Structures are given as structure tokens and as C-alpha cells.
Amino acid sequence: PVFMFAINDITRLKHAEEELRAPNRALRAVSECGAALVRAVDETSLMTRVCEILVEDCGYTMAWIGLAEEDAARSVRPVAQFGDAGGFLAEVAMTWGESEPGQGATGRSIRTRQTQIGSLLNPDAPSMPWYEAARSRNLLSAIALPLLNGERCLGALTIYSSEPDFFDAPEAVLLEQLADDLVFGVVTLRERHARKQADEALCQSE
């Protein structure tokens with residue numbers, strides 16, 4: 001009947017709108033984070049600003065950046081976040097090792113050096129140690145992007161959504177560009193800081 005056709009048309013229209021919204025959202029993230037790179041004065045404020053843009057301006061639920069530690073536990077140390085009002089990062093110990101805590105999107109992205117998309121609808125998710133903490137905060141899906149500097153993985157940028165199966169391949173490609181830009185900015189700021197320290201040390205020695 002006509003009524004059923006109308007419902008199907010509305011459903012298709014909503015799907016089409018969402019397919020357009022995803023790349024637009026990611027494009028906005030890339031553009032605004034690029035502007036933040038230009039204005040950045042130190043890496044901590046840059047990483048915090050990137051997380052803020054992703055949540056406040058682009059509509060993701062939460063974003064955080066963790067650095068990969070070379071300790072025995074292969075821990076992931078959070079250095080910037082936005083949207084974590086419920087204390088998710090304080091409750092969950094992230095790692096990038098092969099053990100169970102390292103099987104989330106963040107740990108896998110660092111370990112494999114590849115983008116990882118995760119969902120709480122995954123049949124294996126309920127057995128993970130972070131499942132209840134994520135579910136109680138409505139963090140239903142995530143994308144983790146490795147921060148690659150040549151052969152080294154500095155850590156990961158992880159972005160969450162309150163919608164299940166939220167992230168797809170086209171959006172991931174754009175967010176990977178954002179992650180690459182972020183690494184470039186962090187490395188540039190570190191090199192600038194190192195040069196400044198070298199110049200100050202030289203002045204003191206003279």
C-alpha cells in the first residue's frame with residue numbers, strides 16, 4: 001500500500017541523510033583541528049583542544065588521547081580528554097598488550113598500528129573488563145586511531161559515540177587524516193621545544 005511505500009521512503013531518506021552527515025562531521029573535525037594546529041603552543045593544550053573540538057563542535061560523545069608506555073604492563077596513559085564527565089578513564093586501566101584489557105579498540109589500534117572500530121553489540125564485548133563501565137556511560141561504539149610517527153606508534157586517539165555501530169569506513173578515512181595531522185603537530189611542537197631548550201642551554205654555557 002501507499003502507506004508502506006511512504007514509510008520506506010522516509011527510512012531511505014533518513015539513511016541517506018546520515019550517510020551525508022558522517023563525512024561532513026569528520027570533514028569539519030579535520031578542518032577545525034587543522035586550525036588548532038596552527039595556533040598550538042604546546043602539545044598538551046593541542047591534544048586537549050582536538051578532543052574538545054571532536055565533542056563540542058562535531059557531536060561525538062567523548063574523545064581522548066593516550067600515549068603508549070613501554071612499561072611491563074604496556075599501559076596506555078591518558079594525556080588529554082573531553083566528554084569524560086563520568087570518570088570512565090579513571091575507572092578503566094587501558095593497555096596495548098595481548099592480555100584481556102588490551103583487546104579493546106584502543107589497545108588493538110596501538111598494537112596493530114591500524115584503525116580499529118568497536119561496538120558494545122559485539123558478541124565478545126560483554127566479557128571485556130571495560131564493558132560495564134562503557135555501557136553505564138552510554139559509550140556504545142568507538143573508533144581508535146593509531147598515532148603513527150614513522151615506525152613508532154606514539155599512542156591512540158579514541159572517539160566514542162552513544163549510538164551503536166556508529167563509525168564506518170568513509171568516516172574512518174577522514175579521521176585517520178586528522179590523526180596524521182595531530183601527530184605532525186605534536187612532533188613539530190616537540191622539536192620546537194627541544195630547539196628552545198638547546199638554545200637556552202647554549203646561552204647559559206656562554
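Quick look at the numbers
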quantity: Fraction of accessible area attributable to carbon and sulfur, the chain (%, probe 1.4 Å); calculated: 55 percent
quantity: Under 14 Å, Cβ to Cβ, from residue 90 - net charge with Lys/Arg +1 and Asp/Glu -1; calculated: 0
quantity: Length-normalised contact order of the chain in % [C-alpha pairs under 8 Å, at least 6 apart]; calculated: 20 percent
quantity: Computed label-point distance, nm, for sites residue 114 and residue 191 using a 7 Å Cα→Cβ extension; calculated: 3.0 nm
quantity: Spherically averaged projected area in nm², based on the convex hull that wraps the Cα atoms of the stretch 64-204; calculated: 9.9 nm²
quantity: Most to least accessible of 76, 187, 38 (protein chains only, probe 1.4 Å); calculated: 38, 187, 76
quantity: Neighbourhood charge, 11 Å Cβ-Cβ cut-off, centred on residue 41 and excluding it, Lys, Arg +1 and Asp, Glu -1; calculated: +1
quantity: Surface accessible to a 1.4 Å probe, per residue, for the residues of the chain, Å²; calculated: 55 Å²
quantity: Charge tally in the Cβ shell below 13 Å around residue 103, where Lys, Arg are +1 and Asp, Glu are -1, residue 103 excluded; calculated: 0
quantity: Net lengthening on full extension, residue 77/residue 205 (0.36 nm per residue, minus Cα-Cα); calculated: 42.5 nm
quantity: 44, 158, 61, ranked by accessible area, largest first (probe 1.4 Å); calculated: 44, 61, 158
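The values are calculated or read from the model by the stated rules, or taken from the named source; none is laboratory data. In this text the structure is predicted, and so the values were computed from the model without any measurement. All Cβ positions, glycine included, derive from the backbone under ideal geometry; neighbour counts span all protein chains shown. When the accessible area is computed, the model is the full protein with side chains, heavy atoms only, and any ligands, DNA or RNA have been set aside. Shrake-Rupley method; radii C 1.70, N 1.55, O 1.52, S 1.80 Å.
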